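First comes the structure, then the notes that go with it.
The values are calculated or read from the model by the stated rules, or taken from the named source; none is laboratory data. Predicted, not measured: the structure shown is a model, and the values here were computed from it. Using ideal geometry, Cβ is built from the backbone for each residue, glycine included, and neighbour counts are taken over all protein chains shown. Calculation scope for accessible area: heavy atoms of the full protein, side chains included, ligands and nucleic acids excluded. Shrake-Rupley method; radii C 1.70, N 1.55, O 1.52, S 1.80 Å.
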Amino acid sequence: AALVREYYTAGFYATGVRSTASGITPSGALIKATLIDGAVALGPAAPSPDFAAGYGRVLLGGTLAFTGSGFSLRADDRREGITTGGVVTHAYDVAAGTPLRATLVWTDYPAALGAAIARVNELKLEVVDPSGTVWFQTIDAGSGAPRQTSVPSDPHDTRNVEERLVFNAPQSGRWVVRVRGVSVPWGPQPFALLVRG
């Protein structure tokens, strides 16, 4: 986490070269999103994420872009937040062969003491591929762990404040990444969105 914070404060984002004048102070949500983005499962058969190891082992080399990296990193540390019905949209031209990841994290409003569901504000990460298919995170009915789907009838993950969508072999073309304010009774809700590709 200290290395991630230094990456942003020392101004390595977004050029890959240290530039103290370009440094930013990242929110806790942005640091968490950066750590989650490049994490990998602890074993070849392990799901990611799971309830034993979360998103797995942190690999910063696959997320933090420096001069000569074969990928780019884009961050939206949206401190002014989003309200119910709001949509924040970013479009990216993706080259084939470079994995694409989008990670959304927000620090939620405190839930009522003893609440059955601790999440208060609901945001939704959506990624639209060049063919128009919309991808989002849902909960696996069997394990209860988050999973990625594009089936419109599947329910969106309403339990977690971290959402990550991974495309290991994306088709080339224009990809759209959206954050929706599904239900924000206590807001606006700040968030951090990280896109790597």
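Things worth noting here:
- Total residues in segment 169-197 satisfying the condition of being among the β-branched types (Val, Ile, Thr) and either without any contact (Cβ under 8 Å) to a residue 60 or more places away in the chain or farther than 23 Å from Gly85 by Cβ (or both): the figure is 0.
- Within segment 1-33, the set of residues being charged (D, E, K, R) and in contact (Cβ under 8 Å) with a residue 12 or more places away in the chain comprises Arg5, Lys32.
- Looking only at segment 21-35, and only at residues there that are open to solvent by 70 Å² or more (accessible area, probe 1.4 Å) and at pLDDT 95 or above, the one that is farthest from Val4 (Cα to Cα): Thr25
- Ala145 in contact (Cβ under 8 Å) with a residue 12 or more places away in the chain, within 11 Å of Leu104 (Cβ to Cβ) and open to solvent by less than 50 Å² (accessible area, probe 1.4 Å): no
- Residue selected from segment 98-132 under the condition under 15 Å from the mean Cα position of the chain (by Cα) and β-branched (Val, Ile, Thr), by the criterion most open to solvent (accessible area, probe 1.4 Å): Thr107
- Breaking point among (1) without any contact (Cβ under 8 Å) to a residue 12 or more places away in the chain; (2) over 20 Å from Trp186 (Cα atoms), for Ser150: (1)
- Residue that is modelled with the lowest pLDDT [pool: residues in segment 36-54 that are loosely packed, with under 13 Cβ neighbours inside 10 Å and among the small types (Gly, Ala, Ser)]: Ala45
- Residue within segment 158-168 that is of a type outside the set (A, V, I, L, M, F, W, C), at negative phi, surrounded by fewer than 16 Cβ atoms within 10 Å (Cβ to Cβ) and touching a residue at least 60 places away in the same chain (Cβ under 8 Å) present: yes
- Within segment 55-97, the set of residues being within 29 Å of Val182 (Cβ to Cβ), open to solvent by 40 Å² or more (accessible area, probe 1.4 Å) and not β-branched (Val, Ile, Thr) comprises Ser72, Arg74, Arg78, Arg79, Glu80, Gly85, His90, Ala91, Tyr92, Asp93.
- All strands (runs of 3 or more DSSP E) inside segment 78-170 with 1 or more residues being modelled with pLDDT under 90: 134-139, 146-149
- Answer residue from segment 184-197, given it is in a strand (DSSP E or B) and either open to solvent by less than 50 Å² (accessible area, probe 1.4 Å) or among the hydrophobic types (A, V, I, L, M, F, W, C) (or both) and is farthest from Val105 (Cα to Cα) among those: Arg196
- Candidate set: segment 9-56, residues that are touching a strand residue (DSSP E or B) at 6+ places or on another chain (Cβ under 8 Å), of a type outside the set (A, V, I, L, M) and not in a loop (DSSP other than H, G, I, E, B); chosen: the one farthest from Val195 (Cα to Cα): Lys32
- Qualifying positions in segment 148-157 - under 15 Å from the mean Cα position of the chain (by Cα) and open to solvent by 50 Å² or more (accessible area, probe 1.4 Å): Gln148
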